[in-house]
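Quick notes on the structure that follows.
We did not get these values from a lab; they are worked out from the coordinates using the rules stated. None of these values were measured; they are calculated from a predicted model. A quick note on method: Cβ atoms are made from the backbone with ideal geometry, for glycine too, and the neighbour counts reach across all protein chains shown.
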Amino acid sequence: MAGKLSDAALDTLFRTARTYNHYLDQPVTEDELEAIWELAKFGPTSANQMPARIVWCLSDEAKAKLAGFASPANAGKILAAPVTAIIGMDLEFYEQLPMLFPHADARAWFVGNDALIRESAFRNSTLQGAWLIMAARALGFDTGPMSGFDNEAVDAAFFSATTIRSNFIATLGRGDPSTLMPRLPRPDFDAFNRIA
């Protein structure tokens, strides 16, 4: 059983963590991106589906290509960030289930059921994107997740001739705290919860 994290760790992951639109001029290395994945991959998904496929736009060329498919406000964020991750979802994720979930014939649950495939890929790649954000925070990075881009164009440019489709994107780096706005409201338990 996992032990409780310290208040400092909880601050890093949740309470003082913020969504960033501006980053310090500090590079992010390929080794650091791999370290983020090596943590994020342990986050749970339904039946260990792990449908997320990530493209890390690290080069100026990749960032410019991605920015070309984003809203004007998001394009600037992508170009200025050290890295932007495209969190995609493999619509044939079930082909990996004999390896990822070997104690049942989980592949058979999905073959021919396009609605279930799409629903599961979207839900679980979104979960994996959230785990990626938490892993990045745990390793001292900040992120700025967003939509506001042309999914079809991104799919054609980055996932051509594959079964992968884009879900959302997230900038990544070491955030510039001087650019933060005041934290937006976070409601108390009773406002958004009920116990049945």
* Structure fact -> Hydrodynamic calc, the range 17-174: Kirkwood Rh from Cα pairs, then Stokes-Einstein at 10 °C with viscosity 1.306 mPa s, so D in µm² s⁻¹ is 99
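Restricting to the chain, compute how many DSSP beta bridges are antiparallel as a %, nearest 5.
Counting only bridges with both partners in the chain, antiparallel ones make up about 95 percent.
Kindly point out which whole DSSP H helices in the chain project their C-alpha atoms 30 angstrom or further along the helix axis while averaging a Kyte-Doolittle hydropathy of 0.0 or above.
Details: long enough: 114-138 (35 Å, 0.19).
The qualifying helices are 114-138.
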* Structure fact -> Under 5 Å from the placed amide H of Arg174, counting only residues 5+ away or on other chains, we find Leu24, Gln26, Asp142
* **Which of Ile86, Ile36 has the fewest Cβ neighbours within 10 Å, and the rest in rising order** => Ile86, Ile36
* Structure fact -> For the range 17-174 the mean separation of alpha carbon contacts under 8 Å (6+ apart) over residue count, i.e. relative contact order in percent, is 36
* Asked: What number, rounded to the nearest 500 deg cm²/dmol, is the helix-based mean residue ellipticity at 222 nm of the chain, given -39500 (n - 2.57) per DSSP H run of at least four residues and division by all its residues?
  -> -11000 deg cm²/dmol
* Roughly how many Å is it from the Cα centre of the range 120-192 to that of the range 34-105, as a whole number? -> 9
* Structure fact -> Residues His103, His22 in order from fewest to most other beta-carbon atoms within 10 Å are His103, His22
* Given charges at beta-carbon only (K, R positive; D, E negative), |dipole| of the chain in Debye -> 560
* Asked: Taking 0.36 nm per residue of separation and subtracting the Cα-Cα distance, what length does fully extending Leu180 through Ser59 add?
  -> 41.0 nm
* Asked: Sorting Met89, Met50 on the 10 Å Cβ count, fewest up front, what's the list?
  -> Met50, Met89
